[in-house]
Structure formats: structure tokens, C-alpha cells
1. How large is the dipole of the range 31-89 about the Cα centre if only Lys and Arg carry +1 and Asp and Glu carry -1, each at its Cβ, rounded to the nearest 20 debye?
2. For the range 77-87, in order, what is each residue's ³J(HN,Hα) by Karplus, 6.51 cos²θ - 1.76 cosθ + 1.60 with θ = phi - 60°, in whole Hz (x at glycine and Pro)?
3. Provide Asp35, Asp102, Asp26 ordered by accessible surface of protein heavy atoms (probe 1.4 Å), highest first.
4. Could you look at the range 1-83 and say what percent of its accessible area is carbon and sulfur, using a 1.4 Å probe and all protein chains?
5. Arg53 to Glu111: extension gain in nm, 0.36 nm per residue of separation minus the Cα-Cα distance?
6. Using a 10 Å cut-off on Cβ atoms, rank the peptides 91-101, 106-116 from the highest mean neighbour count down.
Amino acid sequence: MTATLAPPLSARLSLTPKTTLAGLLDGAWWPRSRDLTAELPPLVDALEGRFGRITRVMVNPTRWPVIPHKVPVTGHTVHVGWFTEQDPDKMILLSYTVGRCDLLVIPPETEPAAAARLMAAAAIPGSVLTAGVLMSDEAATGRPIRDARSSEDAWETDGGSAPPPLRHPVVGARMIPMPGNPRR
């Protein structure tokens, strides 16, 4: 009996198009988990065609429970460092050829619609929005929609609903004729 390993999943990545407009971010990455050992190899493989050989990665430890010092990737090892001063929603990747790649890191538990919005926003060429600003903007605009939806669901499941429309006018109500409307 032999065990077959499933092929690694590709990185969910959105990069800015190649242009002369330099922005603060080079794109966005939406990992499937908070395990850097499992998530970095597909990301590095996806980036090496455009940015060259990635040698170092820097993250903020508030978003990653375990930060390995080294992660084996295809053909070499990537050194991982952490800095508490770095934006927690950003990852910095360094390469020999291009230099630096800054990515917005979208939390793995993010809803797909929100992740799609964030990936598109981070890939706009020449954008001056930081990773933290993009995440706080999404939280500010996405939360009221989710809260409204969840409160409406709670209202319906708790037995509350709008009263049915009245079929007949209330007895004793004063009827005021409106101009242009015939009296009934």
C-alpha cells in the first residue's frame, strides 16, 4: 500500500500589472491557513517567475502563530523574519533580482467576496493605500452589510416580522380626500 500525496494547492494571488506606476503594494495574497511552512512554498513558486528567486520573507508575528526561521521551497530555502513594527496585514518578500515585493495578506477566514474586493484593490497600479488602510476600509464597509443581514435573519428566526397589510381601512379613521382622486 502506497500513500499518494495530493498536489499542493496554487497560491491565491493578485499582482499589479507591470507598469511604470509604482504603488505601495505589489498585490495581495490570500493564504488558506496561518501555517507559513505550508503556505510559503506555493506563494514563492508563483512569484519567482516575475520577481526572481525569493530569498527572504518578513511578517508581523501578530497574524502568524508560528514563524519558522527557514522554509524549504522548490530548489532552495527561504529565510523568514518577523518585525513587530511592520504592518500586520503586509508581507515583504526579498529577491536577488527585483529587490522587494510588498503584498497585502488577506486573512484565511475572510469571506470570498471580501477577499476578491481586497485582491482587486491591492492590485491597482500606483495606489497609495497601505495594507492596513485597505483592511480597515473593508472592515468598515463590509461589516454593516453583514450585521444588517445577520440582524434581519435573527429577526425572522425569532418570530418577528412585519405586520400584514391592512385589507380595509380602520373603522373610524378620518379620510381626507386628495385633489384629483375621486372619492370612493
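The values are calculated or read from the model by the stated rules, or taken from the named source; none is laboratory data. Since the model is a prediction, treat every value here as computed from it, not as a measurement. Glycine also receives a Cβ, built like all others from the backbone with ideal geometry; neighbour counts cover every protein chain displayed. Accessible surface is based on the protein model in full, side chains and every heavy atom, while ligands, DNA and RNA are left aside. Shrake-Rupley method; radii C 1.70, N 1.55, O 1.52, S 1.80 Å.
1. Values: 7 positive and 7 negative charges, 30 e Å.
Value, rounded to 20: 140 debye.
2. Taking θ as phi minus 60°, the curve returns 10, 9, 8, 10, x, 9, 9, 6, 7, 6, 4 Hz for the range 77-87.
3. Details: Asp35 75, Asp102 15, Asp26 40 Å².
Correct descending sequence by accessible area is Asp35, Asp26, Asp102.
4. On the way: 2920 of 4930 Å².
Ligands and nucleic acids excluded, carbon and sulfur reach 59 percent.
5. Numbers: separation 58, 0.36 × 58 = 20.88 nm, distance 3.13 nm.
The Arg53-Glu111 span can extend by a further 17.7 nm.
6. Numbers: 91-101: 16.6, 106-116: 14.8.
So the peptides 91-101, 106-116, ranked by packing, come out 91-101, 106-116.
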